[in-house]
1. For segment 97-207, what is the convex hull volume of its Cα atoms per residue in Å³?
2. Check E160: other-chain or 5+ apart residues with amide H under 5 Å from its amide H, H built from backbone geometry?
3. Each residue of segment 210-227 in order: what ³J(HN,Hα) in whole Hz does its phi give by Karplus 6.51 cos²θ - 1.76 cosθ + 1.60, θ = phi - 60°, with x for Gly and Pro?
4. How much length, in nm to one decimal, is gained on full extension between I95 and A306, taken as 0.36 nm per residue of separation minus their Cα-Cα distance?
5. Per the helix-only calculation at 222 nm, which mean residue ellipticity applies to the chain, given -39500 (n - 2.57) for every DSSP H run of n ≥ 4 and division by its residues, nearest 500 deg cm²/dmol?
6. With all protein chains present, how much of the accessible area of the chain (probe radius 1.4 Å) comes from carbon and sulfur, to the nearest whole percent?
7. Tell me the net charge near L119. Cut-off is 10 Å between Cβ atoms, L119 excluded, with +1 for each Lys or Arg and -1 for each Asp or Glu.
8. Let me have the relative contact order for segment 165-253, percent, based on Cα pairs under 8 Å that are six or more residues apart.
Amino acid sequence: MNASAALAGPIAPFGKLMWKAFSAAGQMPTPPTAVDDAGRARLKDVVYTVTEASRQTLLATSYTDLVTTLDAYPDEKQGFAYEGAGVALAALDTISPTKNRVRFLAENQGSRHTFGIYLGAGMCLARIRRNPERLRRRLNDPLMSWLVLDGYGFYKGFFEYQRHVTDQRVSLRIHGYGLRVIDQGLGRAIWFASAGDIDRVASIINGFAEHRAQDLWSGVGFACGYSGGFDTFELKRLPELAGDCRDHLALGTAMSARARHLGSNPTEHNDRACEAICLSTSAEASALVEAAEIGLPHGTEVPSHALWRQRVLQRLQPSC
């Protein structure tokens, strides 16, 4: 079946039943209210958007209808909407593993939002307690598929905070480089769970083993750059708090710029974060990340995702 025909086909006839099971499993998030401060309102809005888009994905009659629904979100929120789609499609792929719905959306009309789709897929696998490596390999995307483990780490850090942040438990299912990517997601979770209280963020990360700090700070850089909700003064303090890990903080922020520009939805808050942390515009940071992809080797002992990030880090260091 070609892509055009598949886009018009059904996603899952049992989507309604699956949504009922999901919603019954826990309290559904609510949108922000007037009493929420800026940081908390932003957090609640992101979580609500991801969850609502997951529901819409499970209820969609076709990929064409789904993409129309996701693209109807305001530009700034589309990445979060596609993240919600990744959550739902990964759940469906787990039930019927020959369909490859996550991969299909990421390779076709969702290709601008690969970051969000893969992060959402990882969140789903953490929730249903499945090994994310299986789906990652099925995606046949040696560079970006590692983001599934980032999403997995975010879910563990945010929704199982006591176990994975307070007690600092490490997943026994994941080995090697995957543990580093999980920590990048855990760093994003720490930022969200702290509602952007940067002193609290620094205190929490300082309590982790030293070898984990670089990836945790990178996750913080991505979260503050992509999600926003905080002022320039706070952002400018982050490199100082990150100390020796400031270049990894900048790495995460530059990656957030790439996600924004790939999705054609750059924002003012992403520009502010890049200027404060990377000392560049978001467009410049995104271009640097994109250029680092060129000529990356695949199938080597070191994952291409790790090589990509190392290239970006080397190019950022003179300005950081």
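The values are calculated or read from the model by the stated rules, or taken from the named source; none is laboratory data. No experiment lies behind these values; they were computed from the predicted model shown. Quick reminder, even Gly has a Cβ in these numbers, built from the backbone with ideal geometry, and neighbours come from all protein chains shown. Note: accessible area is taken over every heavy atom of the protein model, side chains too, but ligands, DNA and RNA are not part of it. Shrake-Rupley method; radii C 1.70, N 1.55, O 1.52, S 1.80 Å.
1. Values: hull volume 11.6 nm³, N = 111.
Value for segment 97-207: 104 Å³ per residue.
2. none
3. In residue order, the calculated couplings are 4, 6, 9, 4, 4, 6, 4, 5, 4, x, 4, x, 5, 4, 5, x, 7, 8 Hz.
4. Separation in residues times 0.36 nm, less the Cα-Cα distance, equals 72.9 nm.
5. Numbers: 17 runs with 206 residues, N = 320.
After summing the helix terms and dividing by residue count, I get -20000 deg cm²/dmol.
6. Roughly 52 percent, rounded to a whole number.
7. -1
8. Working: 100 pairs, mean separation 27.2, N = 89.
This gives 31 percent for segment 165-253.
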